[in-house]
Amino acid sequence: MSLRLGDIAPNFQVQTTSGDIDFYEFLGDSWGILFSHPADYTPVCTTELGKTAVLQDEFAKRNTKVIAVSVDPLDSHFGWVKDINETQHVTVGFPIIADPDRVVATLYDMIHPNASEKTTVRSLFIIGPDKKVKLIITYPASTGRNFNEVLRVLESLQLTANFSVATPADWKHGEDVIVVPAVSTEDAIKKFPKGVNVIKPYLRYTPQPNLES
Ligand code: BEZ
């Protein structure tokens, strides 16, 4: 049975390039991003892990641990990480899970047999500090993901969790956000001292609350 938003992310114990990991212990109270790629030593995956390494400080600033997974073994991962560092001009500082027995791939339904019987598709999960699944995306092997978009969604999720706001279509860091329907306009005016712009009773904007004005 596949995971859905709001489900508890399953725990697991695995070998990774950063040593043995219990997933829940690794996450602690942080947010988490778990993502699969089809195989080591493949071109699109090389760029994806490189881009994740470029953004690893941005994820860390947002109290978020990143961990990648593929069905290749650990010795393959170690060799490939050298190539990623060399070709993408980065230092991969996050763990890559070796999942040759497909334990994680099965728990998280990352193998879609009609796409490939043997390797994982590009699955990505954002997991909250409550261990609940907050985002699921699935891309085909041939399309590299946009990790700036992953960062954007993470920031939106954290704004919702911390300030009861949502983000509109194409929202970018620094732009106005939306007061969630569960908050009355009267309460919103008290809660958001930077102001509330009421376009319709159900469509109310306020400046991004966690920025200094
Ligand atoms: C890649 O990561 O480059 C890739 C993997 C499988 C199919 C196509 C591309």
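What follows draws every value from the coordinates through simple rules; no lab data is involved. On a predicted model such as this, the values are computed, not experimentally measured, just so you know. So basically every Cβ, Gly included, is an ideal-geometry build from the backbone, and we count neighbours across all protein chains shown.
For the range 77-213, with only Lys/Arg (+1) and Asp/Glu (-1) charged at the beta-carbon, what is the dipole magnitude about the Cα centre, in debye rounded to 20?
Using Cβ point charges on Lys, Arg, Asp and Glu, the range 77-213 gives about 260 debye.
Using the Karplus curve 6.51 cos²θ - 1.76 cosθ + 1.60 with θ = phi - 60°, what ³J(HN,Hα) values do you get for each residue of the range 183-193, in whole Hz, with x for Gly and Pro?
Listing the rounded values in order: 9, 5, 4, 4, 5, 4, 4, 6, 6, 10, x Hz.
Longest segment of the chain with no GluC sites (Glu not before Pro) in a DSSP loop having at most 16 other Cβ atoms within 10 Å?
Segment 1-116 is the longest.
Starting from the Cα-Cα distance between Glu212 and Lys132, subtract it from 0.36 nm times their residue separation and give me the gain in nm to one decimal.
Additional length available on full extension: 25.8 nm.
Using unit Cβ charges (K, R positive; D, E negative) and no other charged atoms, how large, in debye to the nearest 20, is the dipole of the range 164-206 about its Cα centre?
80 debye
Set the Förster distance to 30 Å, then compute FRET efficiency between Leu3 and Ile199 from the Cβ-Cβ distance, nearest 0.05.
0.25
Just need the relative contact order of the chain here, percent rounded to a whole number, with Cα pairs under 8 Å and 6+ apart.
RCO, the chain: 21 percent.
Measure up Lys51/Lys194; Lys134/Lys191; Lys61/Lys118 against 32 Å on the Cα-Cα distance and list the ones that go over.
As for pairs spanning more than 32 Å Cα to Cα, those are Lys51/Lys194; Lys61/Lys118.
Rounded, prolate or oblate, given the Cα gyration tensor of the range 13-145, with a/c below 1.5 counting as rounded?
Judged from the Cα gyration tensor, the range 13-145 comes out rounded (a/c under 1.5).
How many percent of DSSP beta bridges within the chain run antiparallel, rounded to 5?
Here the share of antiparallel DSSP bridges comes out near 75 percent.
Compute the signed sum of charges (Lys and Arg +1, Asp and Glu -1) over the other residues within less than 13 Å, Cβ to Cβ, of Gly128.
Cβ neighbours under 13 Å give a net charge of +2.
What does the helix-only formula give at 222 nm for the chain: each DSSP H stretch with n ≥ 4 adding -39500 (n - 2.57), the total divided by the residues, and the result rounded to the nearest 500 deg cm²/dmol?
The per-residue figure over the chain is -9000 deg cm²/dmol.
Once the Cα gyration tensor of the range 164-206 is diagonalised, what are the square roots of 5 times its eigenvalues, in whole Å and ordered largest first, as equivalent ellipsoid semi-axes?
Over the Cα atoms of the range 164-206, the semi-axes work out to 16, 11, 9 Å.
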